[in-house]
Amino acid sequence: MIRGLIAFAAAVAALACASFEAAAEQPVKHRVGFISRSSESGSRPVVGAFRDELRKLGHAENENLAMEWRWANGRVERLAELAAGLARARVEVIVAPGTVETRAAQQATRSIPIVMVNVGDPVNSGFIRSMARPGGNITGLSFIFPELSAKQLEFFTAGLPGVSTIAVLWNPSNPSHPPALRSLERAAAALGVEVRPVSSPFADDLEHAFAKVSASGTKALFILGEPRIFQQRTRLAELARKHGLATMFNLREHVEAGGLMAYGVHFPELYRRAAVYVDRILKGANPADLPVEQPDKFELVVNLRTARALGLTIPPSLLLRADSVVE
């Protein structure tokens, strides 16, 4: 009997020891929030890059990392509620892709670190004190949207010799678009072309917007980028073909979907860099001391198949400058 009790006690002790060791071996599980005005399906390319980079840095989702995904599905008015929910969930970092997401996150918390991915003017937007020393709980990545738009217009006109009028599809409710439009108007004056703004606040109005551009006789359409436009890239290419419009975008994915040209940063790379910021913050870095990065690599992509369908001949001089050509 005594021997049996001793054996039982030894077994219990061994089990307790094993349980303790297993618990000790469990990795620290971090909790990261992600808030977006877009949908999960429309964000797969960039989210895939973000997840992949986190994994390379040692943060595997559902293993030692818990991701709290919050999607507004185009309903920007829901962002404040979603950001407040992330703050209540006590995530360690909030990733905010654009200006409206960063604003919602900032209003929800002044203590939880926020990593912005794509904000055009973070200083004047009141998110940071300076690019070198953000000074608060927000850091991340930014690129100068207005200057990029001017360079896009330069390439667009170079690809369409003789063009005199270019329509510009823009969203007046997007805070990055008015300064970009002003930059385009200045660049157009220097290039000797006229830009005609076409307002389209919602992606659902695209059919009407394209019909309006087509009816004006303009055959060139410059589209200012935003997440909802990105989600509609296949539809945009279809509408451009239907109305015989040459198009300029800011992302290569639009060209791969059938648009004519794109010039801009490679967005998946921005999200990989955002993952690096998340990693550094999870390891103890203070966002106030992490300088805001600006991309230094841009790419020009041209779709020759679309050009042929539109009856256009892209000048060889421009093709030589292209980083990628879709045949």
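Is it the case that Ser324 is surrounded by fewer than 19 Cβ atoms within 10 Å (Cβ to Cβ), under 22 Å from Gly48 (Cβ atoms) and of a type in the set (Gly, Ala, Ser)?
yes
Just need a number here: residues in the stretch 284-304 that are surrounded by 14 or more Cβ atoms within 10 Å (Cβ to Cβ), under 30 Å from Leu245 (Cβ atoms) and not hydrophobic (A, V, I, L, M, F, W, C).
Counting residues in the stretch 284-304 that are surrounded by 14 or more Cβ atoms within 10 Å (Cβ to Cβ), under 30 Å from Leu245 (Cβ atoms) and not hydrophobic (A, V, I, L, M, F, W, C) gives 3.
Determine whether Ala275 is farther than 30 Å from Gly311 by Cβ and touching a Phe, Trp or Tyr at 6+ places or on another chain (Cβ under 6 Å).
Judged against the criteria, Ala275 is a match.
Of the residues that sit in the stretch 139-197 and are over 24 Å from Leu239 (Cβ atoms) and of a type in the set (Ser, Thr, Tyr), which one is nearest to the chain's Cα centre (by Cα)?
Of everything passing the filter in the stretch 139-197, Ser142 is nearest to the chain's Cα centre (by Cα).
Looking at the structure I just gave you, is Asp205 at pLDDT 90 or above, acidic (Asp, Glu) and either over 24 Å from Ala150 (Cβ atoms) or buried (at least 19 other Cβ atoms within 10 Å of the Cβ) (or both)?
no
Quickly run through the stretch 161-186 and pick out the residues that are closer than 26 Å to Arg228 by Cα and in a loop (DSSP other than H, G, I, E, B).
Of everything in the stretch 161-186, those that are closer than 26 Å to Arg228 by Cα and in a loop (DSSP other than H, G, I, E, B) turn out to be Asn171, Pro172, Ser173, Asn174, Pro175, Ser176.
Among the residues in the stretch 172-187, are any within 20 Å of Pro295 (Cα to Cα) and either surrounded by fewer than 18 Cβ atoms within 10 Å (Cβ to Cβ) or in contact with a Cys (Cβ under 7 Å, 6 or more places away or on another chain) (or both)?
Within the stretch 172-187, one or more residues are within 20 Å of Pro295 (Cα to Cα) and either surrounded by fewer than 18 Cβ atoms within 10 Å (Cβ to Cβ) or in contact with a Cys (Cβ under 7 Å, 6 or more places away or on another chain) (or both).
From Ala84, Ala132, Ala105, Ala49, which residue is in contact (Cβ under 8 Å) with a residue 12 or more places away in the chain, surrounded by fewer than 16 Cβ atoms within 10 Å (Cβ to Cβ), small (Gly, Ala, Ser) and in a helix (DSSP H, G or I)?
On inspection, the qualifying residue turns out to be Ala84.
Please return the ranges of helices (runs of 4 or more DSSP H) entirely within the stretch 187-273 where 2 or more residues are in contact with a helix residue (DSSP H, G or I) (Cβ under 9 Å, 6 or more places away or on another chain) and farther than 24 Å from Ser164 by Cα. Talk me through it step by step, then tell me what you get.
Details: elements: 206-215, 227-231, 233-243, 252-256.
Filter on the stretch 187-273 gives 227-231, 233-243, 252-256.
Do you know which residues across the stretch 257-292 are β-branched (Val, Ile, Thr) and out of contact with any Ser or Thr (no Cβ under 9 Å at 6 or more places or on another chain)?
Scanning the stretch 257-292 gives Val265, Val276, Val278.
The values are calculated or read from the model by the stated rules, or taken from the named source; none is laboratory data. Keep in mind the model is a prediction, meaning the values are calculated, not measured. Neighbour counts are summed over all protein chains in view; Cβ atoms, including those assigned to glycine, are modelled from backbone coordinates with ideal geometry.
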